[in-house]
Each structure stands twice: as C-alpha cells, then as structure tokens.
Amino acid sequence: MPRRIVAGIQSVGHRVIDSIWRLGYASRFFLLTLIKSGTSLHRFTLVIRELYFTGVQSLIIILVSGLFVGMVLGLQGFETLQRYGAESAVGTMVALSLLRELGPVVSALLFASRAGSAITAEIGLMKATEQLAAMEMMAVDPIARVVAPRFWAGVISMPLLAALFSAIGVYGGYLVAVILIGVDEGSFWSQMQGAVDFRYDVVNGIIKTCVFGIAVTAIAVFEGYDAAPTAEGVSGATTRTVVTSSLAILGLDFILTSFMFRGMG
Amino acid sequence: MVSESLIEIEGLNFSYGQRPILKGIDMTMERGKVIAIMGGSGSGKTTLLRLIGGAVRPTSGYVKVAGEVVHKLKRDDLFRMRRKMSMLFQFGALFTDLSVFDNVAFQMREHTDLPESMIRDLVLMKLQAVGLRGAHELMPTQLSGGMARRVALARSIALDPLLIMYDEPFTGLDPISLTVIGNLIRRLTDALGMTSIVVTHDVQESLKIVDYVYFIADGVIAAHGTPDEVRRSVAPFVHQFVHGEEDGPVSFHYPAKPYAQDLKLEGSFA
C-alpha cells in the first residue's frame, strides 16, 4: 500500500515537473521567435504571404459568423428589452456586446480553429517531411523563416478580423431590429452612438483582440514546431492548439475584463 | 596533384541517452570522390550524416570538414560552413508551399543578393542539369517520387557546394529513376568537383557509381574498400550484405528463448 502511494505522488510530481518544463520551453521558443523576427520585418513579403493564408482565408467564416451573431443579438435583445419598453436600446445592446465581449472572444475562437489549427498542421507537416531539417541544413533558421512570419501574420490579422466581425455583427443586428422588426432607425443608431465610448469600449476591445491574437498564434506555432514528426503527432498537436488556445482565450478574457470593466457605467 | 581529404573523422562516438549508436568510427574522405556508407537499417548511417552536418554533437571524437572541427563551431560559423554543404533528404524534403523554381531558388534568395534575372538563369541551368527545366512551374505535389528527388538534387547544388550528403537517395524509386539518380550523382560530382557521401542500402546501384565503400554494422566500421574489393570480399558480413543473404552474421531471427521452450513442447516428444 505505501508503495502505491509513493508511486502516485511520484507520478503527480512527474506531471508537474513536465508541465513546468514544457511551459519554460514554450516561453523560450516564444522569446526566440521575437528575437528572430528581424527577417520578417525587413522582408515583409514573407508576412504578407502568410497574411493571405491566415487573414484573408479566414474572412468568410468570420464574416458569416459575425452576421449571424449580430442577428441573434438583435432578436434576443429586442425580445428582452421590449418587456421594459426599451426596444430602441437594442442598438446599444448589440454594439456593446459585440465590441466588449462577443467580437473579440468569438472571432478569436473561430480564428483558433480556422487559422491556428492550419498553422500548426502546416508547420508540423513541414517537420514530419524533414522540410525544417532541410532548411536548417541550408543554413536558414526555420524559426526566422517559417515560424516568425506566421506569428506576425496572425498577430496582425486577428484584430482586423475581430473588427470586421463586430462591424458586420452590428449590421446584422440592424437588419433584424430595424428592417425585420421595425425598431426606429434613428433611435437605433443615435442611442448606439451615445452609449458607446471609444476609449472605454472600442479600445479595450482592440486590446483584447491583440492579446488573443498573440496567444493563439504563439500556441499554434509552438505546437506545430514541437509536434512529433508523425501523422499522430501532427493530429495531436492540431487538437492541442485548438483546445489550449480556446481555454487561453476564455481565461485571458476573464482576466482582461476584470481589469478593464470595473463597475463603471 | 595530391588529393587532400575533405572530411576526417576520428574516434567518433555517439549515443542517444544510454544507447550507443556509433562506437569509435575513423574515416577519411577525399575531395572529388563518391563515397558510399552502407549498413542495415538502424546501424547509425543517418546519424553519421547528421554528425557531419553538425545537427547533433558527438559524445567523443570529432568530425573535421575542410579542416574545421564541426561540433566546436559556433552557430554562425556552423551556418557559414553549411552553405558549403548540402544534404539530400530521403524523400527530397521539398518545400511544399513553393514551386519547383522557388525551391531551387530558395538558397540563392536567402544567402545571396543576386538580381532576380540572374537567379532565373541559374535556376534554369540547375534544373537543366537534372533534366527538369520544363517542370519549373509545377508544385512539389505534382511531381513523381523520382522527379521530386531530382528537383531536390538541383536544389542541393544551387550554391555549388563542396560536399553533398545523400540520405537513402534510392529508396522507393522505380528502376529507371534509380539509374537516373545514380548517374546524376556521379556526373554532378565529377562536373562540379564536389565530394559526395551516399548513405544507402542499395548495394548493386551504388557499387556502380561509387569510388569507395564503408560498411557500418552495430556502430562500428565492419569493412571498407573499393567496389571491386567489396565484390571480391569473402568477409562474412560483406558477403551476406552484398549478396543479400537471409542468414549470416546478421541473424534472421531476433534473439529469443529456444523455440521448443516457447511452444511449451519440452518433454512431450522425449
């Protein structure tokens, strides 16, 4: 019996040490990516190419989801607000929900599953097919040439995608509330304009998306680079990217929100 | 002219953790030659290439390339040295997101400031040398295994290296592609005055094109010599390997307890 307890404690200890080690390894990798970003910045075409894959190709899913989220907000908002006779505030509700929370969080979750998984799979497969080793042997650093451009492309495209998500979401809310249900158009827009504060709502939302962008892409490139060079290794890494970054987004969102919105109106 | 050696390996040991892979390898490779390193799967051949390229560090001993001890070089110096060497990976390892042209141009764009018009000429010349100038617009996924290997070969001679290392260049090729790759290795080595190291277990094909052969078994050099010496050799290991015999010094059976004991037959026929 004591032996089993000792073994149990040992295995817990191993796991703790392993996860701390991995966290340190990931942080070191993140720092290396930043240090070796020089190539990406002075050969910006490398980043532009990746912007197309991570940003432009994520547009459809971001825009369609944004539209539907906005439309649902319009419906639900109207349904609740009309009980208090405040249906003209539906524009405010849609805009604030999108700018503060849903825009950054939902678009980051979509970005993680669309672009993050693709980045991990691509880098993982490049490793599995020895492309990264070949690059190393050609005296080209894969972190500078492969990892850093993808990282920066993700960091740049995330806030832009989230902005588009919120914009089209507001339009979706407008479609449902004004066009479909018939809320007064003037009060829809003017209440929204009056209630949304640029510094407090928009800038805070942008800060969130930047943090999510860094978190998701850093996780995606690390998991890809660290993947075991086999089919199972790459599929496992892709899954880990989506799971870890989703949890990171939600956790970070709570932390950021609690710093940003402390009971002020 | 006295041919000097490009690579000197002395007392080279390497182990993964507790498991020794190479145990005291000594080799000398002269400039302008094609050298084959043969041995069964898992005998440490590929590890030897990785040691020469500086991808891993030896446990003891050293590899000298052009007079410099590889594992003592700093990262920048190692990268400078790697510009003079190339490695052809088993399945080519072409960059799948770049076209054939861009694959061959990759190192020129990374390491030189050549104008794009000159890069275009050079790339087409390299592709012409492997017979694939007409395929320069294709993507790697559109190539057959043999063609991909030839593009990788063109890519590896892009900056006219001193040394090319081939990791199993003949694996999975049809007989025609196999001969093509074999002849290309020989022709390019002679034309460009490089040195080639071919890690392979394809005995017949490589004996046709190489100048010298090393056999590695269980981490030590089991035999070495010119192709003619190898063909005539009566050493049991070399004979088994060259003629592909099932049993010999390399046993067919994985070590096991006696057959009868495993089938629990003891006593029943006694």
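Spin-label model, B:Y254/A:V56: points 7 Å from Cα along the beta carbon direction are separated by 5.2 nm.
Taking the highest mean first, how do the peptides A:223-234, A:7-18 order by number of other beta carbon atoms within 10 angstrom per residue? Can you show the working numbers first?
Values: A:223-234: 18.2, A:7-18: 10.0.
Going by the mean number of other Cβ atoms within 10 Å, highest first, we get A:223-234, A:7-18.
Could you work out the local net charge near A:V146, counting Lys and Arg as +1, Asp and Glu as -1, over the other residues with Cβ closer than 11 Å to its Cβ?
Numbers: positive: A:K36, A:K127, A:R145, A:R150; negative: A:E50, A:E122, A:E136, A:D141, B:D97.
Counting the neighbours of A:V146, the net charge comes to -1.
Each label point was placed 7 Å from the Cα along the Cα-to-Cβ direction; for B:L124 and A:I35 their separation is 4.3 nm. Which part of the stretch A:53-95 falls in the paramagnetic zone of A:L180, meaning amide N under 16 Å from the point 7 Å along Cα-to-beta-carbon? Counting only backbone N, you get A:64-82, A:90-91, A:94-95.
Residues whose amide H comes within less than 5 Å of that of B:G24, counting only those at least five positions distant or on another chain, are B:L12, B:N13, B:F14 (H built at 1.01 Å from N in the peptide plane). Among B:K84, B:K208, A:K127, the order by Cβ neighbours within 10 angstrom, fewest to most, reads B:K208, B:K84, A:K127.
I need the shape label for the protein assembly as shown. Rule: rounded when a/c is under 1.5, else prolate if a/b > b/c, else oblate, with a, b, c from the alpha carbon gyration tensor.
Values: a/c = 2.77, a/b = 1.92, b/c = 1.45.
Taking the square roots of the gyration eigenvalues as a ≥ b ≥ c, the protein assembly as shown is prolate.
A cut-off of 5 Å between modelled amide H atoms, ignoring neighbours fewer than 5 places along the same chain, links B:V198 with B:I35, B:A36, B:I37, B:Y166. Comparing mean-square fluctuations of B:I119, B:I176, B:I209 from a GNM of chain B with C-alpha springs under 10 Å, the top value falls on B:I176.
Rounded to the nearest whole Hz, the Karplus-based 3J(HN,Hα) values (6.51 cos²θ - 1.76 cosθ + 1.60, θ = phi - 60°) of the stretch B:8-17 follow the sequence 10, 10, 9, x, 7, 10, 8, 9, 8, x, with x at glycine and proline. Springs between alpha-carbon pairs under 10 angstrom, Gaussian network model over chain B: which of B:V234, B:V199, B:V210 fluctuates most? Most flexible of the set in this elastic network: B:V234. Overall, the protein assembly as shown carries a charge dipole of about 900 debye about its Cα centre when +1 sits on the Cβ of Lys and Arg and -1 on the Cβ of Asp and Glu, all other atoms neutral.
Along the charge dipole of chain B, which of B:Y254, B:Q204, B:A36 sits closest to the positive end, that is, farthest toward it, with unit charges on the beta carbon of Lys, Arg, Asp and Glu (+1, +1, -1, -1)? Looking along the dipole axis, the top candidate is B:A36. Per-residue ellipticity at 222 nm computed for chain A from its helices equals -25000 deg cm²/dmol, with DSSP H segments shorter than 4 residues left out and the rest contributing -39,500 (n - 2.57).
Think of the protein assembly as shown as having a plus end and a minus end, set by charges on the Cβ of Lys, Arg, Asp and Glu; of B:L132, A:L161, B:V100, A:L161 sits farthest toward the positive end of this dipole. Peptide B:101-114 is shielded by partner chain Cβ atoms: per residue, an average of 2 of them sit within 10 Å of its Cβ. Each residue of the stretch A:190-196 was assigned a 3J(HN,Hα) from its phi angle through the Karplus expression (A = 6.51, B = -1.76, C = 1.60, θ = phi - 60°), giving 6, 5, 4, 4, x, 8, 7 Hz with x at Gly and Pro. Where the alpha-carbon atoms of the stretch A:14-260 are placed on the principal axes, they occupy 68, 43, 32 Å, in descending order. DSSP assigns beta bridges within chain B; of those with both partners inside it, close to 55 percent run antiparallel. The residues packed around A:S107, meaning those with a beta-carbon under 14 Å from its beta-carbon, carry a net charge of +1 if Lys and Arg are +1 and Asp and Glu are -1. The mean number of Cβ atoms from other chains found within 10 Å of a Cβ in peptide B:46-56 is 1, as a whole number.
With contacts taken as Cα pairs under 8 Å and at least 6 residues apart, the stretch A:14-260 reaches a relative contact order of 33 percent.
Our note on the geometry: Cα centres of the stretch A:93-149 and the stretch B:60-111, 26 Å apart.
Please give me the summed charge of the neighbours of A:T217: other residues whose Cβ is under 12 Å from its Cβ, Lys and Arg +1, Asp and Glu -1. Numbers along the way, then the final one.
Values: positive: A:R150; negative: A:E50, A:E223.
Charge balance in the 12 Å sphere: -1.
Calculated translational diffusion coefficient of chain B (37 °C, 0.692 mPa s; Stokes-Einstein with Kirkwood radius over alpha-carbon pairs) equals 163 µm²/s. Annotation: extensible slack from B:E246 through B:L98 equals 49.0 nm (criterion: 0.36 nm per residue apart, minus Cα-Cα distance).
For the peptides A:181-190, A:208-217, A:137-146, residues were scored by their other Cβ atoms within 10 Å and the scores averaged per peptide; the highest-first order is A:208-217, A:137-146, A:181-190. Taking other C-beta atoms within 10 Å as the exposure proxy, A:S258, A:S245, B:S233, A:S117 rank A:S258, B:S233, A:S117, A:S245 from fewest upward. The charge dipole of chain B, taken about its Cα centre with unit charges on the Cβ atoms of Lys, Arg (+1), Asp and Glu (-1) only, comes to about 480 debye.
Per-residue Cβ counts within 10 Å, from other chains only, averaged over B:78-89: what number is that?
Values: counts 2, 5, 1, 1, 5, 3, 1, 3, 3, 6, 2, 6.
Average neighbour count from other chains, rounded to a whole number: 3.
Quick one: grab the alpha carbon gyration tensor of the stretch A:1-61, order the square roots of its eigenvalues as a ≥ b ≥ c, and give me rounded if a/c is under 1.5, else prolate or oblate depending on whether a/b is larger than b/c. Since a/c reaches 1.5 but b/c is at least a/b, the shape of the stretch A:1-61 is classed as oblate.
In terms of its C-alpha gyration tensor, the stretch B:172-213 comes out oblate, because a/c is 1.5 or above while a/b does not outweigh b/c. Each part gets one Cα centre, and for the stretch A:226-256 versus the stretch B:164-222 those centres are 42 Å apart.
To the nearest ten degrees, helix A:59-81 and the longest principal axis of the Cα atoms of chain A are 40 degrees apart. Please check: in the Gaussian network model of chain B (C-alpha springs, under 10 Å), which one of B:S41, B:S251, B:S156 has the largest mean-square fluctuation. The residue that fluctuates most here is B:S251.
State the volume of the convex hull built on the alpha-carbon positions of the stretch A:1-136, expressed per residue in Å³ and rounded to an integer. Mind dumping the intermediate values first?
Details: hull volume 29.9 nm³, N = 136.
Taking the convex hull of the Cα positions in the stretch A:1-136, it is 220 Å³ per residue.
Between amide H atoms placed 1.01 Å from N, distances below 5 Å from B:E30 occur with B:L6, all of them 5 or more places distant or on a separate chain. Between the Cα long axis of helix A:148-174 and the first principal axis of chain A there is an angle of about 20°, rounded to the nearest 10. Identify all lysines with a Cα-Cα distance to B:K208 below 21 Å; exclude those on the same chain that are fewer than 8 residues away in sequence. Within the straight-line limit of under 21 Å, B:K208 reaches these lysines: B:K33, B:K45.
Distance between the modelled labels on B:Y62 and B:D113, one decimal in nanometres: 3.5 nm (7 Å Cα→Cβ projection).
Bear in mind that the values in this text are calculations on the coordinates, not laboratory data. This is a predicted model, so every value here is computed, not measured. Quick reminder, even Gly has a Cβ in these numbers, built from the backbone with ideal geometry, and neighbours come from all protein chains shown.
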